[in-house]
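J.: First, the structure itself, so that you have it in front of you.
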Amino acid sequence: KKQKLVTFYHDIEQNIDSKADVSLCREAIIRFIELEKKYRVAATYNVVGKIFKEQSDLIQMIREAGQEVAFHSYNHQSDWNSNYYVSEVKACREAADWPVGYRSPRSRFDNSTLSQLFERGFLWSAESDIAKEPYFIYKGLVRMPIALDDWPIYMGKLNIDKWLSFFSKILDERRYIAVGFHDSVASFDLEKMLGVYEAAIKEVKKKGAFFLSFSEGADLFRRAAVEKYYNKAAKEWNKDTQRLYRTKRFREIIKEEAQKIERPIIVDLGSAGGILTSPLKKIASKIYLVDNASGMVSGIDSDGILEPKVGDATTSGLPDKSVDVVVAARIVEYLFNPDDLAFEIRRIAKPGAVFIVTFPVLREGKKETNEGNPPNRVRHYFSLEEVKRWAEKIGPGRLFGVQYKKMEPVNIEEEEQYRKMEENPDSGTIPINWVFVGKVGEGGEGLCLSRRKLPLSLANFVLPSEWIAGLKSKISVFKKYIPKPVKNLLRPVVNFILGR
C-alpha cells in the first residue's frame, strides 16, 4: 500500500485585503517554520508578489528554512476583475524569475491565467478544484488541487474539532491532499491556529503520510505521467525507434567516442531498451542502462556487461565519479529543470569523462504545441543559445546538428545526402536535433538539484486519461458560472465520471 501524500501550504497576504497586523503575520510565519522544522514538514509559502520587493528579508528567511516560495498573485486585489488575470502573472514574473508556482486570490483564474503561467515558465497552479489529485490543466502546467484551508474556522463555519474531523476524513479518503493556513488568519489568534496546524501535522504523521511541497508534487506527477506513458508504449517504441535515421546517427556518434577509451564504463541515462548503447558490449567493461519506465528495461538481460537499472536520469544512484562515458539521448527535453541532468552528469562522471547529449531543436517559426500525451505536454525544444549555456556548466566540447530534413531518408542514396548536409550545412539551416559531445571539466560549483527528487514509487496517482483531464480542466474554469441547484444535480454524474 502506497503512502498518502500531503502538502501544507501558507498564503502569505499580511494586511493586504484584511486588517491583520503585519508584525503578527510575520510572527505567524516564524512559528509556522518552527513547527515544520520540529516535525520535518516540507511546505509551500504562496506569497503576494509585492511582498517580494517590500520585504525581501522575509522571502530569504522562508527559503533559508528550506521551504518553497511561490506567488499568490501580485496585489491580491479585493476588487478582483478579469483584467487582472494576465497582468498579475506578468507582474509576479517581473518581481522574481525563480518561483515556479502560482496560486490565484480566492482561486479566481481563467484560461488566460493558465496560458500566461505556462508561457512564463511556471510548473504548477494551485487552486480549489473538484479533482482529488494533480493533473495537467493546460499543456504541461500541473494543477495542484486544494482540498481545504483554515478559512471555515476564521468565518465561523466550522469549529476546530469539526475542522480537524473533516481534515482526518479527507486524509483517509484521498491519495493526495493540499491544506492551507493563512498568516493573516493566524495573526488574529496565533496560539489557537498554531494549535490547529500542529494537530493537523500530528494527524498526518500518525497515519504515515508523506509531506511534500507543491513543486515536489507537481514534478512527481509529471515524471509519473511520462513514465506511465512509456511503460505502456515500451515495446512499440523500442521497435519503431530502431529504424529511425537519428537513431543510426546517434549510435555512430556514441561508438566513435566510446572506442577512444579502453574498456570504458558507460551509462545511458534515459536508455529505453538500450538501443543506442547495448551494441557497445564488445568494447565496454560495463554499460548501465538507466530508465524510470520499468517496461523499457524489463526485457534487457543483465549479463555482466549490460546492467539494466530502473531509476531517474537525474538521480541514477550510481557512485560519484564512476563512469567514463555518459549518454543522455532524448531525455533532457522532459525535465522541468535541465540543470538537474547537468548536475547528475558532473556527479557520476570521472574527471575528463565524455558526455554525449541530444536536444530537440526549436526551429524558427515553430511553436511548441505541448498538447496530447504526457511526453508531448512537457517536451521542451532548445535554441542554440540554450544548449550552449547548458553544456558550459559541464565542460567544453563541440555542438553539431543531426538530420536537417524532417522526413526520414527512403534509401541509402538519400541517407548519404543527409550525412553530407550534416558535414556542410547551408548557412542559416536548422537541424532537427542538436548533439553536444564534450568532456567533463573543472567547475560546476553552482550546480545543484533544483528540489528533492522523490522516487516514483511515491507517485500514488491514478493518472487519468487525457479526456478526463480535459474535462476536469473545463469544469474547473466554468463551474463558478453554474447555478448551485444545477451543480447539486450534476455532482453525482461528475463524481462518477472522475472516479470519485
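J.: Criterion first (over 20 Å from V226 (Cα atoms), exposed (fewer than 15 other Cβ atoms within 10 Å of the Cβ) and out of contact with any His (no Cβ under 6 Å at 6 or more places or on another chain)) does R347 satisfy it?
T.: no
J.: Another question about this same structure. What's the total number of residues in region 314-333 that are over 17 Å from S278 (Cα atoms) and out of contact with any His (no Cβ under 7 Å at 6 or more places or on another chain)?
T.: Summing the residues that are over 17 Å from S278 (Cα atoms) and out of contact with any His (no Cβ under 7 Å at 6 or more places or on another chain) in region 314-333 gives 11.
J.: Would you mind finding the one in A126, A91, A131 that is over 21 Å from L335 (Cβ atoms), out of contact with any strand residue (DSSP E or B) (no Cβ under 8 Å at 6 or more places or on another chain) and small (G, A, S)?
T.: Only one candidate passes the filter, namely A91.
J.: Just checking, which of F181, F166, F118 is within 19 Å of the chain's Cα centre (by Cα) and either part of a helix (DSSP H, G or I) or modelled with pLDDT of 95 or more (or both)?
T.: F118
J.: For M421, only one of the following conditions fails: (1) at pLDDT 95 or above; (2) within 33 Å of the chain's Cα centre (by Cα). What is its number?
T.: (2)
J.: Restricting to region 230-251, give me the number of residues that are hydrophobic (A, V, I, L, M, F, W, C), surrounded by fewer than 18 Cβ atoms within 10 Å (Cβ to Cβ) and either part of a helix (DSSP H, G or I) or touching a Pro at 6+ places or on another chain (Cβ under 7 Å) (or both).
T.: The number of residues fulfilling the criteria is 1.
J.: Hey, another quick one. When both residues are 6+ apart or on different chains and their Cβ atoms are under 7 Å apart, which pairs have a first residue that lies in region 119-132 and is in contact (Cβ under 8 Å) with a residue 12 or more places away in the chain and crowded, with 19+ Cβ neighbours inside 10 Å, and a second that is in a loop (DSSP other than H, G, I, E, B) and of a type in the set (D, E, K, R)?
T.: Final answer for the pair search is A126/R103; E127/R103; K132/R174; K132/R500.
J.: Would you please name the residue that is surrounded by the fewest Cβ atoms within 10 Å (Cβ to Cβ), looking only at residues in region 300-343 that are closer than 23 Å to R263 by Cβ and charged (D, E, K, R)? Before you say what the answer is, go through the steps one by one.
T.: If we filter region 300-343 for residues that are closer than 23 Å to R263 by Cβ, which is where we start, we get 300-309, 316-329.
If we keep only those that are charged (D, E, K, R) too, we end up with 301, 303, 307, 309, 320-321, 324.
Numbers: D301: 6, D303: 9, E307: 15, K309: 17, D320: 9, K321: 13, D324: 22.
Step by step, filter region 300-343, then rank; the result is D301.
J.: Another one. Give the residues of region 254-264 that are of a type in the set (V, I, T) and surrounded by fewer than 19 Cβ atoms within 10 Å (Cβ to Cβ), sorted by residue number. Walk me through how you get there before you give the answer.
T.: Applying the first criterion (of a type in the set (V, I, T)) to region 254-264 yields 254, 261.
Residue satisfying the conditions is I261 alone.
J.: Is there a residue in region 36-59 that is surrounded by fewer than 16 Cβ atoms within 10 Å (Cβ to Cβ) and hydrophobic (A, V, I, L, M, F, W, C)?
T.: There is no residue in region 36-59 that is surrounded by fewer than 16 Cβ atoms within 10 Å (Cβ to Cβ) and hydrophobic (A, V, I, L, M, F, W, C).
J.: When region 133-167 is examined, which residues are found to be surrounded by fewer than 18 Cβ atoms within 10 Å (Cβ to Cβ), in contact with a Lys or Arg (Cβ under 9 Å, 6 or more places away or on another chain) and farther than 12 Å from S107 by Cβ?
T.: P152, I160 - these are the residues of region 133-167 that are surrounded by fewer than 18 Cβ atoms within 10 Å (Cβ to Cβ), in contact with a Lys or Arg (Cβ under 9 Å, 6 or more places away or on another chain) and farther than 12 Å from S107 by Cβ.
J.: Just name the residue that is farthest from the chain's Cα centre (by Cα) out of those in region 372-418 that are hydroxyl-bearing (S, T, Y) and over 26 Å from G441 (Cβ atoms). Steps first, answer last, please.
T.: Start the filter on region 372-418 by keeping residues that are hydroxyl-bearing (S, T, Y), which leaves 381, 383, 404, 418.
This time we only want the ones that are over 26 Å from G441 (Cβ atoms), so: 381, 404, 418.
Working: Y381: 16, Y404: 30, Y418: 36 Å.
Among residues in region 372-418 that are hydroxyl-bearing (S, T, Y) and over 26 Å from G441 (Cβ atoms), the one farthest from the chain's Cα centre (by Cα) is Y418.
J.: Mind listing whichever residues of region 87-107 are surrounded by fewer than 24 Cβ atoms within 10 Å (Cβ to Cβ), in contact with a helix residue (DSSP H, G or I) (Cβ under 8 Å, 6 or more places away or on another chain) and more than 19 Å from H10 (Cβ to Cβ)?
T.: K90, A91, listed by residue number.
J.: Does E422 satisfy the condition of being outside any loop (DSSP other than H, G, I, E, B) and exposed (fewer than 15 other Cβ atoms within 10 Å of the Cβ)? Reasoning before the result, please.
T.: On the way: outside any loop (DSSP other than H, G, I, E, B): yes; exposed (fewer than 15 other Cβ atoms within 10 Å of the Cβ): no.
Here the answer is no, as E422 does not meet what is asked.
J.: Then there is this: Could you grab the pairs with beta carbons closer than 8 Å, sequence gap of 6+ or different chains, first residue in region 156-183 and free of Cβ contacts under 8 Å to residues at least 40 places away in the same chain, second one of a type outside the set (A, V, I, L, M, F, W, C) and assigned to a helix (DSSP H, G or I)?
T.: L158/P152; I160/K192; I160/G195; W163/P152; L164/E203; F167/E203; S168/E203
J.: Right, T369: surrounded by fewer than 17 Cβ atoms within 10 Å (Cβ to Cβ), within 30 Å of A218 (Cα to Cα) and within 28 Å of the chain's Cα centre (by Cα) or not?
T.: Yes, satisfied.
J.: Residues of region 184-214 being assigned to a helix (DSSP H, G or I), closer than 23 Å to C25 by Cα, touching a strand residue (DSSP E or B) at 6+ places or on another chain (Cβ under 9 Å) and not hydrophobic (A, V, I, L, M, F, W, C), which ones?
T.: Within region 184-214, S184, Y197 qualify.
J.: Go through (1) over 30 Å from A224 (Cα atoms); (2) modelled with pLDDT of 80 or more; (3) surrounded by 13 or more Cβ atoms within 10 Å (Cβ to Cβ) and name the single condition L490 misses.
T.: (2)
The values are calculated or read from the model by the stated rules, or taken from the named source; none is laboratory data. In this text the structure is predicted, and so the values were computed from the model without any measurement. Heads up, the Cβs are rebuilt from the backbone with ideal geometry, glycines too, and the neighbour counts pull from every protein chain shown.
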